[in-house]
């Protein structure tokens with residue numbers, strides 16, 4: 001068996017060499033079998049079987065599904081509106097405002113609060129009591145969390161409105177007042193109402209709206225005591241232009257794509273208008289309402305792709321004989337559910353890849369209509385891209401960065417890849433004769449002959465006595481125990497040999513005698 005194992009590679013090689021020699025010496029006549037086959041399976045998308053979708057780039061920008069006998073590419077646009085700051089401020093559980101100082105060094109008004117009419121503050125500055133309280137400031141802050149990551153969105157429109165009213169005493173000094181008692185003024189007494197937006201760390205802070213009073217407290221009065229009330233009715237603050245609102249909102253959201261801080265505030269300024277004591281009285285300063293809204297749209301990232309892919313049957317799978325691809329025509333039908341935004345994305349296209357190689361011709365999405373149409377009349381010739389593998393990909397390539405307010409769906413159907421090919425079969429077809437059984441039988445016979453020859457040379461060619469002696473010698477050499485070897489003396493051997501010869505002579509005599517008797521008997525019967 002060891003010999004058979006050792007010569008097995010030789011047997012296999014010999015068998016293969018025999019076949020190769022037979023193939024080289026044989027003359028083959030080939031028959032050309034031509035055929036055309038639809039290479040795409042489930043071409044009408046009856047189910048998702050055999051089709052696999054893939055996305056590259058920003059996977060949140062695209063989606064895909066198979067539904068209603070169509071394969072769909074979905075570009076995920078979205079438009080959202082922020083309007084969480086509206087009307088009269090309130091401290092509901094979801095809209096928490098926090099009153100605080102502008103800084104550690106600033107001072108607060110005498111009284112502040114929030115009621116059903118909004119935020120309010122009052123203050124009276126008395127120079128003789130505390131000169132440091134001539135500029136109290138109050139901030140009401142609210143942290144806002146956006147529902148989405150604003151890094152994927154762009155603010156496209158913004159609107160802000162804020163209303164205030166105020167009541168003060170005519171003991172304030174205003175530009176039209178006549179200052180008595182040698183009074184003087186530079187900035188006059190005023191209150192500034194404002195709206196600020198900032199990041200949570202207050203690294204970037206921008207004023208979006210304001211109103212600084214000029215005539216609040218108008219009326220000539222001395223520097224002490226109270227002379228009567230004067231008010232400003234509901235008045236809208238001056239806001240920035242929409243583009244500026246968009247810019248500053250975008251700036252603070254660029255530091256934290258989900259969070260920002262919104263602030264309503266009142267800054268009271270009591271100017272020192274007299275060399276001695278004076279009083280400035282603010283009865284009510286109120287921010288009545290505020291409305292901030294802005295819309296934002298989804299950013300579709302450049303070079304985002306989504307594709308439907310199928311790994312088709314290999315060319316070599318259709319026959320054991322050589323196959324040549326003569327032509328391969330790919331085509332499909334496509335449509336879109338609405339006009340493509342060509343102005344913002346002129347370079348986005350539908351494309352075809354065979355074995356990961358893109359065909360040069362692509363379909364601009366601006367040519368898509370809401371009804372199905374052929375990708376190309378006559379189809380795309382792709383035989384130069386087909387190897388033994390046939391992997392087909394239909395791809396939507398978004399080649400621009402653009403904003404999209406709503407979903408757009410591109411559908412495909414009836415995908416075909418018609419491959420014309422030729423099979424070169426031997427004619428007549430000759431099956432190979434399997435000679436392996438003969439070679440195997442001969443190898444077994446050769447192994448048996450080698451075995452017997454080896455046994456004869458090493459053992460059976462010696463007489464029995466010699467074999468015993470050789471065996472005994474081996475045991476002695478190895479130090480093994482041996483039985484005594486019985487040998488006859490020379491006289492005994494001569495005697496045995498002599499008796500053997502006498503026995504043989506006697507048998508010869510009896511045989512001759514018997515033959516003579518038979519011969520005499522036969523002669524007597526003949527007479």
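The values are calculated or read from the model by the stated rules, or taken from the named source; none is laboratory data. None of the values given here were measured: they were computed from a predicted structure. Cβ placement follows ideal geometry from the backbone for every residue including glycine, while neighbour counts extend to all protein chains displayed.
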Looking only at the range 168-181, decide whether some residue is assigned to a strand (DSSP E or B) and farther than 21 Å from residue 233 by Cβ. no
When you go through 283, 334, 296 one by one, which is the residue that is surrounded by fewer than 20 Cβ atoms within 10 Å (Cβ to Cβ) and touching a residue at least 24 places away in the same chain (Cβ under 8 Å)? 283
The correct count of residues that are outside any strand (DSSP E or B) and either closer than 21 Å to residue 304 by Cβ or at pLDDT below 95 (or both) in the range 390-424 is 6
In the range 188-220, how many residues are touching a strand residue (DSSP E or B) at 6+ places or on another chain (Cβ under 8 Å) and either at pLDDT below 95 or not assigned by TED's automatic domain parsing to the domain that holds residue 277 (or both)? 1
Members of the range 306-343 found to be more than 27 Å from residue 66 (Cβ to Cβ) and assigned to a strand (DSSP E or B), listed by number: 323, 324, 325, 326, 327
For the structure I just gave you, tell me whether residue 71 is farther than 30 Å from residue 259 by Cα, surrounded by 19 or more Cβ atoms within 10 Å (Cβ to Cβ) and not assigned by TED's automatic domain parsing to the domain that holds residue 219. yes
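Residues are listed down the side, and each one gets a yes or a no for (1) closer than 21 Å to residue 191 by Cα; (2) in a strand (DSSP E or B); (3) in contact with a strand residue (DSSP E or B) (Cβ under 7 Å, 6 or more places away or on another chain); (4) outside the structural domain of residue 194 (by TED's automatic domain parsing):
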{"residue": "252", "(1), (2), (3), (4)": "no, no, yes, no"}
{"residue": "257", "(1), (2), (3), (4)": "no, no, no, no"}
{"residue": "284", "(1), (2), (3), (4)": "yes, yes, yes, no"}
{"residue": "287", "(1), (2), (3), (4)": "yes, yes, yes, no"}
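From the list 104, 127, which residue is surrounded by fewer than 17 Cβ atoms within 10 Å (Cβ to Cβ) and in the same structural domain as residue 255 (by TED's automatic domain parsing)?
On the way: 127 fails: surrounded by fewer than 17 Cβ atoms within 10 Å (Cβ to Cβ).
Result: 104 is the single residue among 104, 127 that is surrounded by fewer than 17 Cβ atoms within 10 Å (Cβ to Cβ) and in the same structural domain as residue 255 (by TED's automatic domain parsing).
Going by what's in this entry, would residue 368 be described as in contact (Cβ under 8 Å) with a residue 24 or more places away in the chain, closer than 30 Å to residue 77 by Cβ and crowded, with 18+ Cβ neighbours inside 10 Å?
yes
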